[in-house]
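Every number here is computed from the coordinates shown, using simple stated rules; none is lab data. Nothing here was measured: the structure is a model prediction, and the numbers come from that model. Cβ: placed from backbone, ideal geometry, glycine included. Neighbour counts: every protein chain shown.
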Amino acid sequence: FALFGYETPDWTPASFFKVKRKIDVPLEKNWPVLRYINETIEDLTQYHFSYRKPKETHDYNFYYKTLQTTHYRLERAYVSFNGAVGLDENTIFQPTDFERNATNASVVGHYREVIVTGYLWATYNFGHSFEDFFTPLFLIPEEIRRRSHIIVFSMPFLYNTLLDLLGFLPDRRIYLPKNKGEYISADILHCFANRTFYISQWGPNTYRFKRFLHEKFELDKITPSEYCFTNRPKGKRRHIHNLDEVINSAKAKFPTIDWKFIPDNHTNLIECARDFKKIKFLFSPVGSNICKCIFMADNTVVICVTANFPENSLAGFCLSCKLFELQYDSISAHHLEYGSPN
């Protein structure tokens, strides 16, 4: 098969990125074309602060304002129900094997031009929907978005509204069955690698997505003024069991502030956006719920209660949205386990 580009300065022939999985065969003989992307937020403000990790404070503020990735345009490629990209018998998408494992399966559809970002997990999770599925789409030139099909890896209450706004009409959306080894084939496939879209596309592109949302939902008309607490639902990982005590302590120490609690149960995207745009100060346990801060105004504040280690993805996300974020470890569990504050 041939791999080719648009013959413009942005698209350059290059050797393929290395394949990390031992079962894969390197593709040295293949010459895909690619578009290098290197963007930096030109803002020296230190938005992130790690209470116990001063080195992370520096590193996050320095490194996470830059996005370096590569847009690949492949010909005659395959995509699985879980976002795995392949050429013939080779799986080429890395580094998240546990999320995008490829299997032997049937090809159930064929399309002329397809975009793939995200993966199966993003269909269940607000943060991964935003960070991994939608954000990379803003690196795809609009003329490509307007003519391509897209494999949908997002929560239902998000994708209908946002894909409409991005110009992906319903007849150009591909929904593959969950947890089945089925692939589609594409004459032309657009994807990202080095770095891929797995919680790594911070910097200017996240802010580009933020401004898109604020303009489309007219959020700039709302002035932030509310001081809010939120929590993850009871029974979910990283739920703060004694948040009522924290709220009462805040009310006692700062009695002139009208402290509020905002539930993490929105089912309407525009209502969610408007509620979060009202927030000036947000206190929340770590989790994808914090990614709703993309609707908050620049220079507002997020306090993130973490679980035993700094959360680099949320640090990158918040500072890319130009929000001041403080992280401190207080939840006595690993990120993927159950536990409450010490």
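In terms of distances greater than 20 angstrom between alpha carbons, the cross-link table entries LYS53/LYS277; LYS65/LYS221; LYS221/LYS280 yield LYS53/LYS277; LYS65/LYS221.
For the stretch 219-329, the relative contact order is 28 percent, taking Cα pairs closer than 8 Å that sit 6 or more residues apart in sequence and dividing their mean separation by the residue count.
Taking packing as the residue-averaged number of other Cβ atoms within 10 angstrom, the listed peptides 41-48, 185-192 run from highest to lowest as 185-192, 41-48. You can think of it this way: the chain between LYS234 and ILE144 has 28.1 nm of extra reach, that is 0.36 nm per residue less the Cα-Cα gap.
Excluding PHE130 itself, calculate the net charge of residues whose Cβ lies under 11 Å from the Cβ of PHE130, where each Lys or Arg counts +1 and each Asp or Glu counts -1. That works out to 0. Which of the GluC sites (Glu not before Pro) found in the stretch 136-218 are loop residues per DSSP with 13 or fewer other Cβ atoms within 10 Å of their Cβ? Passing both the DSSP loop test and the Cβ count: GLU218.
The peptide list 128-134, 269-275, put in order of mean Cβ contacts within 10 Å with the highest first, becomes 128-134, 269-275. Sorting the segments 167-175, 280-288, 53-61 by their residues' average number of neighbouring beta-carbon atoms within 10 angstrom, most packed first, yields 280-288, 53-61, 167-175.
Extension gain, ALA252 to ASP171: 0.36 nm times the residue separation minus the Cα-Cα distance gives 23.7 nm.
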